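Each remark here refers to the structure printed beneath this line.
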Amino acid sequence: MMKFKLLLAGSLVAIGAMALLANNINEKEKQRVELTKAPSQAGIVGKEKSEEWAKYYPRQFDSWKKTKEYDTFADMLAKDPALNIAWAGYAFSKDYNSPRGHYYALQDNINTLRTGAPVDAKTGPLPTACWTCKSPDIPRLIEEDGELEFFTGKWAKYGSQVVNSIGCANCHDDKTAELKVRVPHLNRGLQAAGLKTFEESTHQDKRSLVCAQCHVEYYFKKTEWKDAKGVDKTAMVVTLPWANGIGKDGNAGVEGMIKYYDEIGFADWTHSISKTPMLKAQHPGYEFWKSGIHGQKRCFMC
Ligand code: HEC
Ligand code: HEC
């Protein structure tokens, strides 16, 4: 009898726990559907401003804003003066600070001595491409002006247009809220590497691929083109050096990228003391992640 009572009690507890769990799963599913609800069928007007998305997704807006809390950076050249010598003749020897939160991306790009002090849209030193990973205004400008026009000219050409730091519209579609890649160079790089495009990828892979719009190694590919009026122009197009795969086995290592640069005879700059052609990997976070255990197991990048 005792045994029967125990069994009954045990079963009741199990049934109760299962009911709670089912309820919890239903609740979570309801939340998930609610959260991924399309914000606006017509799209969000002024979608480059993350504040406009806050009207639909206040909680995600609050967590996005937390990138403001990561506000400190170090002067890496002061910390390690050897870098001044290693990068002699390269813009990074003028100024190089460690990175901080997305909230500051635009401000830090404007503040760095690398971008100089241009006096009009035509003075340098850097090309428009240096805006590419800083703002949701970039996909807008690429859509409005065309990719080649966007990549033509000096950085200051778009100074009055790029006003919002990295935000919702860099990673989300404003009609469906789904993850979206908004710059053409990533899919071109993936295709060159023989990998699936963003759209062909699984949902899990997409979660990391949105970061690969920016946290990757790249170079500016000099591209001659003619505009609609037949004027000859030169664009410096952000290009991922992935045509030999992202390294060994199309996956681990940086060998594929070095081979790519060697094949096209590319150097980031010529060292001003040794006169050696040099490469400097920029921020190949996605490639490093992909070649490590988390990338191989297809976990989420962060
Ligand atoms: C539109 C370009 C862009 C996209 C997309 C992007 N980032 Fe960033 N990220 C940056 C830039 C630029 C900085 C440096 C900002 C600064 O120093 O002012 C940065 C900084 C960071 C930092 C803080 C600095 C550091 O290196 O520790 C983290 C963490 C980070 N990003 C993670 C991610 C993750 C995860 C994703 C994808 C979910 C992502 N980022 C997508 C451009 C981007
Ligand atoms: C750097 C890329 C990036 C930026 C910027 C970004 N998101 Fe996301 N967002 C993601 C990723 C990745 C996920 C996870 C998607 C998944 O797992 O389905 C996500 C998930 C979401 C979701 C789904 C529910 C959830 O919380 O998981 C919503 C809604 C959302 N983001 C809204 C926003 C809003 C609003 C902003 C701007 C304030 C924003 N996101 C900025 C990459 C980004």
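Since every read-out is calculated from the coordinates, none of them should be taken as a lab result. The structure presented is a predicted model; accordingly, all values stated were derived computationally and were not measured. Virtual Cβ from ideal backbone geometry, glycine too; neighbours counted across all protein chains shown.
Is there a pair in 94/134; 30/134; 206/290; 157/221; 226/280 whose C-alpha atoms are over 23 Å apart, and which pairs would that be? The answer is 30/134; 226/280.
Using helices alone, I'd like the mean residue ellipticity at 222 nm for the chain: each DSSP H run of four-plus residues gives -39500 (n - 2.57), total over residue count, nearest 500. Intermediate results must be reported in sequence, preceding the final value.
Values: 14 runs with 117 residues, N = 302.
After summing the helix terms and dividing by the residues of the chain, the value is -10500 deg cm²/dmol.
Can you compute log10 of I(q)/I(0) for the chain with the Debye formula, treating each Cα as one identical point scatterer, at q = 0.10, 0.11 Å⁻¹? Debye curve over Cα of the chain, log10 I(q)/I(0) at q = 0.10, 0.11 Å⁻¹: -0.66, -0.78. Residues 172, 271, ranked from the fewest to the most other C-beta atoms within 10 Å, line up as 271, 172. Taking every full run of DSSP H in the chain, the ones that stretch at least 27 Å from end to end by Cα along their long axis and average 0.0 or higher on the Kyte-Doolittle scale are 2-35. For the pair residue 42 and residue 59, label points projected 7 Å from Cα toward Cβ lie 2.8 nm apart.
Quick one: of 65/297; 49/154; 180/275; 175/259, which pairs are farther than 32 Å apart, Cα to Cα?
Checking Cα-Cα distances, 180/275; 175/259 exceed 32 Å.
The label point for residue 273 and the one for residue 231, both projected 7 Å from the Cα toward the Cβ, are 4.3 nm apart.
By the count of other C-beta atoms within 10 Å, a proxy for reagent exposure, 220, 4 are ordered fewest to most as 4, 220. Taking label positions 7 Å along the Cα-Cβ direction at both residue 5 and residue 68, the computed distance is 6.2 nm, reported to one decimal.
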